[in-house]
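No lab work stands behind these numbers, since they all come straight from the coordinates. Everything quoted here is computed from the prediction, not taken from an experiment. Note that each Cβ is placed from the backbone with ideal geometry, even for glycine, and that neighbours are counted across all protein chains shown.
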Amino acid sequence: MFVWADGIYTKAGLESTKAAILVLIGALADSTIVVPAVDSGHRDSSESLRDLAARVLPAPACVIGDGALGLWSAVAQVWPNAVEQRS
């Protein structure tokens with residue numbers, strides 16, 4: 001599976017910090033597109049990614065994302081064998 005990952009920040013809510021939603025979109029070997037996770041989280045943190053990996057997501061072959069350093073730090077911790085591609 002190839003996974004595209006990104007954190008989306010909203011201005012909604014009464015908290016002093018912005019709310020974050022971690023979105024993962026996957027592509028399977030047969031070209032099927034799946035959405036394994038849309039989950040509230042803490043930016044692109046390893047905590048959010050580790051929680052999702054434990055609940056719903058096997059280790060992907062490749063993770064694709066933007067230049068957010070939090071995402072790449074989390075991927076290195078949670079899926080150390082996954083290839084990283086920055087878009």
### Message
If I fit a long axis through the Cα atoms of helix 46-55 and take the longest principal axis of the Cα atoms of the chain, what angle between them do I get, 0 to 90°, rounded to 10?
### Response
60 degrees
#### Entry: Whole-number D in µm²/s for the chain (Stokes-Einstein; Kirkwood sum over Cα pairs; 25 °C, 0.890 mPa s)
188 µm²/s
### Task
Order the peptides 68-78, 23-33, 1-11 from the highest to the lowest mean number of other Cβ atoms within 10 Å of their residues.
68-78, 1-11, 23-33
